[in-house]
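Worksheet: one structure, shown below.
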């Protein structure tokens, strides 16, 4: 069974370690699993119900919704900004939660991972992301977690895909998402 996982990265910075982590997930995805790294979160306007009108949804938000509808699961990569979720990631969740009752998450499996400079690897932001996406209708895999501390030092000279420990853990996250999609389809 082929599985499409939509990856959303909460950091817009060109050298983002969370983006590198997402790139690693794309590279490490097992056969039968495609991890699609969404491009364009920076172009999506802040959610405003006045903009969310059928037939005139801003093109970047419509592109995000279409990618989400085509996905079987979601993989969020969240750094931690001032102890919480980055605005760009929260905005994506807000757009995907609408229209009310028929949002793009639709009970699809979701995992949240990430890395941050601090000693806990961004766990607060990742917990907030799990909470928001769960309320928005995603089936959050609460036991699938990966928080990598000390990103600035750990990934200073090594891409996450080349860090054997991180690669193994990230591969397990992607495999768990794949398995959960299969279990959801069989149910």
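The values are calculated or read from the model by the stated rules, or taken from the named source; none is laboratory data. Quantities reported herein were computed from a predicted structural model and do not represent experimental measurements. Don't worry about glycine lacking a Cβ; one is built from the backbone with ideal geometry, like all the others, and counts go over all protein chains shown.
Residue 5 meets the conditions (1) outside any helix (DSSP H, G or I); (2) over 20 Å from residue 144 (Cβ atoms) in every case but one. The failed one is (2).
Right, residue 151: crowded, with 18+ Cβ neighbours inside 10 Å and at pLDDT below 95 or not? It is true that residue 151 is crowded, with 18+ Cβ neighbours inside 10 Å and at pLDDT below 95. Does any residue of the range 78-100 turn out to be on the phi > 0 side of the Ramachandran plot and in contact with a strand residue (DSSP E or B) (Cβ under 6 Å, 6 or more places away or on another chain)? For the range 78-100, residues on the phi > 0 side of the Ramachandran plot and in contact with a strand residue (DSSP E or B) (Cβ under 6 Å, 6 or more places away or on another chain): absent. Scanning the range 110-130 for residues that are closer than 19 Å to residue 73 by Cβ and not in a helix (DSSP H, G or I) yields 110, 111, 112, 113, 114. Among the residues of the range 110-120, are any surrounded by fewer than 24 Cβ atoms within 10 Å (Cβ to Cβ), over 18 Å from residue 42 (Cα atoms) and modelled with pLDDT of 95 or more? Within the range 110-120, not a single residue is surrounded by fewer than 24 Cβ atoms within 10 Å (Cβ to Cβ), over 18 Å from residue 42 (Cα atoms) and modelled with pLDDT of 95 or more. Among the residues of the range 87-103, the ones that are in contact (Cβ under 8 Å) with a residue 40 or more places away in the chain, crowded, with 17+ Cβ neighbours inside 10 Å and part of a loop (DSSP other than H, G, I, E, B) come to 2 in all. Which of (1) in contact (Cβ under 8 Å) with a residue 40 or more places away in the chain; (2) closer than 26 Å to residue 123 by Cβ; (3) out of contact with any strand residue (DSSP E or B) (no Cβ under 9 Å at 6 or more places or on another chain) is the odd one out, the single condition residue 1 does not satisfy? (2) is the only condition that residue 1 fails. Scanning the range 64-86 for residues that are touching a residue at least 24 places away in the same chain (Cβ under 8 Å) and either in a helix (DSSP H, G or I) or surrounded by fewer than 19 Cβ atoms within 10 Å (Cβ to Cβ) (or both) yields a total of 9.
Output yes when any residue across the range 166-175 is at pLDDT 95 or above, loosely packed, with under 14 Cβ neighbours inside 10 Å and under 19 Å from the mean Cα position of the chain (by Cα), and no when none is. Checked the range 166-175: at least one residue is at pLDDT 95 or above, loosely packed, with under 14 Cβ neighbours inside 10 Å and under 19 Å from the mean Cα position of the chain (by Cα). Is it the case that residue 46 is under 17 Å from the mean Cα position of the chain (by Cα) and either more than 25 Å from residue 175 (Cβ to Cβ) or at pLDDT 95 or above (or both)? Here the answer is no, as residue 46 does not meet what is asked.
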